[in-house]
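Working notes, beginning with the structure itself.
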Amino acid sequence: MAFLYFNPEQSMNLLKTLKALAVMGCFTAASSYASVAQLVLDGTSGDYITGGKTIDNIYSSTNPLLAWNLENFQNIGTAISPEADSLSFTYMLKPIDTSTDEYASLVFSTQALGAAIEDGTYSNAVRASSAPAGDPGLSIGYAHRGCDNSTGNFTVNQLTFANDKIDQFSASFNQSCDGGPVMHGTFTYNADATMAVADATPFVLPSHPVPEPESIALFGLGMLSLAIARLRNQAK
């Protein structure tokens with residue numbers, strides 16, 4: 001029976017090769033994940049925020065043009081079971097330009113209600129930063145425009161947390177700036193939306209498909225075989 005002997009230097013080189021393959025596999029697999037938010041605003045004629053236009057934007061964390069990608073919440077629960085009385089989302093593309101950077105700011109709050117945000121409808125909402133006791137807060141801004149005073153309502157369809165962060169959120173809302181026309185909108189956020197990224201924003205994914213784990217394993221075995229063959233030649 002023949003045995004292949006590796007001197008210390010050869011063994012170290014082989015371990016480095018295997019480690020590099022393992023790291024490459026981890027980074028390759030992770031590259032397919034991204035957070036994705038979609039904001040739809042249906043502004044009626046005379047609406048200050050949208051200028052009467054319809055907005056349908058997707059913000060992906062893998063978009064190289066995304067300068068701001070912020071999702072925050074005020075935790076009034078525990079680390080194990082988080083609850084929020086305020087949610088805020090901010091997005092902006094680069095370069096900064098009020099006409100093209102798609103700046104969006106959204107705040108949903110129940111702080112003045114003294115309760116956590118739950119699924120359901122919140123009526124009589126006013127500007128979040130100045131909501132009096134007993135009123136929910138809602139502030140939707142776009143293209144660097146915001147309301148001095150606002151009224152409206154919002155409906156939370158889904159809110160979940162994972163790893164001390166917002167995992168999924170979905171809501172619809174209506175907002176009127178200073179008594180003007182009502183703007184209707186929807187907002188969804190998913191912290192791990194691999195398929196949504198592929199379907200909605202093809203440009204954010206690598207142009208080459210991500211190898212399956214089996215492919216990575218076969219590639220690793222091939223590289224290992226080449227390394228062993230080379231070491232055998234060196235040992236002769």
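The values are calculated or read from the model by the stated rules, or taken from the named source; none is laboratory data. Since we're looking at a predicted model, the values are computed, not measured. For neighbour counting, all protein chains shown are included, and Cβ atoms are generated from backbone atoms with ideal geometry for every residue, glycine included.
Six or more apart or on different chains, Cβ atoms under 7 Å: show the pairs whose first residue is in segment 73-91 and under 16 Å from Val156 (Cβ atoms) and whose second is of a type in the set (Phe, Trp, Tyr) and crowded, with 18+ Cβ neighbours inside 10 Å.
That search, which allows pairs on different chains as well, returns Pro82/Phe161; Ala84/Phe73; Ser86/Phe73; Leu87/Phe73; Leu87/Phe108; Leu87/Phe169; Phe89/Tyr189.
Determine whether Ala125 is at pLDDT 95 or above, farther than 19 Å from Gln168 by Cα and in contact with a Pro (Cβ under 6 Å, 6 or more places away or on another chain).
Details: at pLDDT 95 or above: yes; farther than 19 Å from Gln168 by Cα: yes; in contact with a Pro (Cβ under 6 Å, 6 or more places away or on another chain): yes.
Judged against the criteria, Ala125 is a match.
What's the number of the condition Ala125 fails, among (1) in contact (Cβ under 8 Å) with a residue 60 or more places away in the chain; (2) of a type outside the set (Val, Ile, Thr); (3) not in a loop (DSSP other than H, G, I, E, B)?
(1)
Could you list, in sequence order, all residues of segment 128-153 that are within 23 Å of Asp56 (Cα to Cα) and not in a strand (DSSP E or B)?
Passing the criteria: Ala143, His144, Gly146, Cys147.
May I ask you to list pairs of residues, at least six apart or on different chains, whose Cβ atoms are under 9 Å apart, with the first in segment 177-194 being among the charged types (D, E, K, R) and the second being exposed (fewer than 15 other Cβ atoms within 10 Å of the Cβ)?
As it stands, the answer is Asp178/Asp148; Asp178/Asn149; Asp192/Tyr33; Asp192/Ala162, since those pairs meet every condition given.
Is it the case that segment 72-83 has a residue that's in contact with a Gly (Cβ under 9 Å, 6 or more places away or on another chain), under 15 Å from Ser172 (Cα atoms) and surrounded by 13 or more Cβ atoms within 10 Å (Cβ to Cβ)?
Start the filter on segment 72-83 by keeping residues that are in contact with a Gly (Cβ under 9 Å, 6 or more places away or on another chain), which leaves 83.
Narrowing further to those that are under 15 Å from Ser172 (Cα atoms): none.
No, there is no match, as no residue in segment 72-83 is in contact with a Gly (Cβ under 9 Å, 6 or more places away or on another chain), under 15 Å from Ser172 (Cα atoms) and surrounded by 13 or more Cβ atoms within 10 Å (Cβ to Cβ).
Hey, Thr110 hits all of (1) among the hydroxyl-bearing types (Ser, Thr, Tyr); (2) surrounded by 14 or more Cβ atoms within 10 Å (Cβ to Cβ); (3) under 17 Å from Gln168 (Cβ atoms) but one; which does it fall short on?
So the condition that Thr110 fails would be (3).
Return the residue satisfying two criteria in turn: it lies in segment 132-161 and is without any contact (Cβ under 8 Å) to a residue 40 or more places away in the chain and farther than 30 Å from Ser99 by Cα, and of such residues it is surrounded by the most Cβ atoms within 10 Å (Cβ to Cβ).
Restricting to residues being without any contact (Cβ under 8 Å) to a residue 40 or more places away in the chain and farther than 30 Å from Ser99 by Cα, the top hit is Pro136.
Among (1) crowded, with 18+ Cβ neighbours inside 10 Å; (2) closer than 24 Å to Asp178 by Cα, which single condition is Met92 missing?
(2)
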